[in-house]
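First comes the structure, then the notes that go with it.
The values are calculated or read from the model by the stated rules, or taken from the named source; none is laboratory data. This is a predicted model, so every value here is computed, not measured. As a convention, Cβ positions derive from the backbone with ideal geometry for all residues, glycine included, and neighbour counts pool all protein chains shown. Just the protein is used for accessible areas: all its heavy atoms, side chains included, with ligands, DNA and RNA removed. Shrake-Rupley method; radii C 1.70, N 1.55, O 1.52, S 1.80 Å.
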Amino acid sequence: MTRILVTGGAGYVGAASVEALLTAGHDVVVLDDLSTGHRAAVPARATLHVGSYVAGDAFGRLLSAERIEAVLHCAARSLVGESIRDPSRYYRDNVAGGVAMLEAMRSAGVERVVFSSSAAVYGVPDATPIPEDATLRPVNPYGETKRTFEGALAWYGRAYGLRSVSLRYFNVAGATATVGEVHDPETHLVPNVLLAAEGRRDLTLFGDDYPTSDGTCVRDYIHVGDVADAHLRAIEATAPGDGRTDEPVVCNLGNGDGFSNRQVIAAAEAVVGRPIPFTVGPRRAGDPPVLVASSARAADMLGWRPAHPHLEEMVGSAWAWRHANPDGYPD
């Protein structure tokens with residue numbers, strides 16, 4: 001049993017990860033400012049503190065008071081468009097706030113961290129599937145801040161003995177029995193397709209003339225429960241004496257082949273049992289045709305493989321959660 005602090009543990013990925021950690025027998029403390037997370041998403045067996053990791057002194061006191069042994073860092077600013085409009089906010093929170101968190105961990109003697117990173121660090125890759133040693137050239141401040149914090153983790157590991165795992169992934173989808181996807185604004189394709197199926201949103205595909213099998217972009221999708229499982233495995237790999245994290249570790253999480261935008265719509269139509277209307281708009285600047293990550297390293301180092309790799313299963317679980325929670329979370 002390990003006492004683990006999860007930053008952003010009231011968010012979509014964070015709350016699913018809290019579930020997985022609790023199920024595995026760990027004690028979990030959640031820190032979330034609830035600006036985008038939901039109090040009701042935090043499992044009852046976890047202890048919730050409302051606050052922010054960017055406040056280094058307060059964060060350090062929380063680590064000591066709760067006797068924390070490891071940190072799962074899921075909290076971050078994560079909207080690409082917003083990061084372009086307001087890069088200052090992203091550097092303040094994702095970079096300066098992240099380093100303040102690491103300093104607080106050093107002071108409190110917490111030497112284990114797992115970082116929920118992003119495949120946005122790669123930018124537009126030269127080839128897919130993307131290996132972890134591909135050139136990192138993010139095309140927006142969001143991806144740049146993820147890359148910068150990964151660099152801090154690597155240097156803190158070499159200088160101070162911090163044991164870390166960074167997990168890079170693209171699109172998370174689906175739901176667990178209790179955790180679903182609720183964002184405002186909603187920018188992800190799967191929930192927007194389901195909103196269109198409910199008649200609550202117009203759906204636009206950006207471009208249908210890409211060099212792919214059906215002309216639409218291909219992206220890697222991973223079930224939120226599989227991301228949570230990877231977080232659990234990564235936390236356990238940071239245990240003292242585990243040779244896998246004697247050096248900082250970076251792993252991609254991916255599904256293998258990826259799915260096109262039209263395939264996502266087709267899967268949703270199969271799930272809901274009716275056609276879903278959409279229009280085709282012009283391409284968005286900077287959208288590469290295919291983004292798929294190689295997850296061979298995660299399989300080798302963490303023993304991780306997606307347990308829910310099928311698109312209809314991801315979409316179906318999201319649809320089931322929406323039906324059980326038509327208004328989202330009560331808070």
Between the modelled labels at Thr47 and Arg61 (7 Å from Cα along Cα→Cβ) the distance in nm is 1.5
Most packed first (mean Cβ within 10 Å per residue), the peptides 300-309, 27-36 order as 27-36, 300-309
Of the stretch 252-285, those with amide N under 14 Å from the point 7 Å along the Cα→Cβ vector of Arg305 are 254-257
The Cα radius of gyration of the chain, divided by 2.2 N^0.38 Å with N its residue count, comes to 0.96
Taking Rh as the Kirkwood radius computed over alpha-carbon pairs of the stretch 161-319 and applying Stokes-Einstein at 4 °C with viscosity 1.567 mPa s, one gets a diffusion coefficient in µm² s⁻¹ of 77
With Cα coordinates, the longest principal axis of the chain makes an angle with the long axis of helix 56-65, in degrees rounded to 10, of 70
In this structure, the FRET efficiency calculated for Asp126 and Thr187 from their beta-carbon separation, with R0 = 25 Å, to the nearest 0.05, is 0.45
Full extension between Glu103 and Ala320 adds, at 0.36 nm per residue less the Cα distance, a length in nm of 73.9 nm
Under the Karplus relation with 6.51, -1.76 and 1.60 and θ = phi - 60°, whole-Hz ³J(HN,Hα) for the stretch 183-196, x at Gly and Pro, equal 10, 9, x, 8, 10, 8, 5, 4, x, 5, 5, 6, 5, 5
From the Cα centre of the stretch 186-204 to that of the stretch 110-127, the distance in Å is 27
Heavy-atom accessible area of the chain with neighbours in place, 1.4 angstrom probe: carbon+sulfur share in percent works out to 50
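Taking the DSSP beta bridges in the chain as the whole, what percent of them are antiparallel, to the nearest 5?
Beta bridges within the chain, antiparallel portion: roughly 5 percent.
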Cα extents of the stretch 197-246 per principal axis, largest first, Å, are 51, 31, 13
Asp202 and Thr135 label points (each 7 Å along its Cα→Cβ direction) are spaced in nm at 3.9
Convex hull around the C-alpha positions of the stretch 160-237: the volume in Å³ per residue is 172
With the convex hull built on the alpha-carbon atoms of the stretch 107-231, volume per residue in Å³ sits at 166
With Cα coordinates, the longest principal axis of the chain makes an angle with the long axis of helix 141-160, in degrees rounded to 10, of 30
So the angle from the long Cα axis of helix 224-237 to the longest Cα principal axis of the chain, reported in degrees to the nearest 10, equals 20
Between Met1 and Arg89, the FRET efficiency computed from the C-beta separation at R0 = 51 Å comes out, to the nearest 0.05, as 0.90
Computed about the Cα centre, the charge dipole of the stretch 18-112 from +1 Lys/Arg and -1 Asp/Glu charges at the Cβ has a magnitude in debye, to the nearest 20, of 100
Two pseudo-spin positions, 7 Å from Cα along C-beta at Ala40 and at Arg283, lie apart in nanometres by 4.2
For the stretch 1-129, the per residue accessible area (1.4 Å probe, Å²) is 40
The value for the stretch 1-155 (convex hull of the alpha-carbon atoms, volume per residue, Å³) is 117
Checked the stretch 1-67 against the a/c 1.5 cut and the a/b vs b/c comparison, axes a ≥ b ≥ c from its Cα gyration tensor; verdict oblate
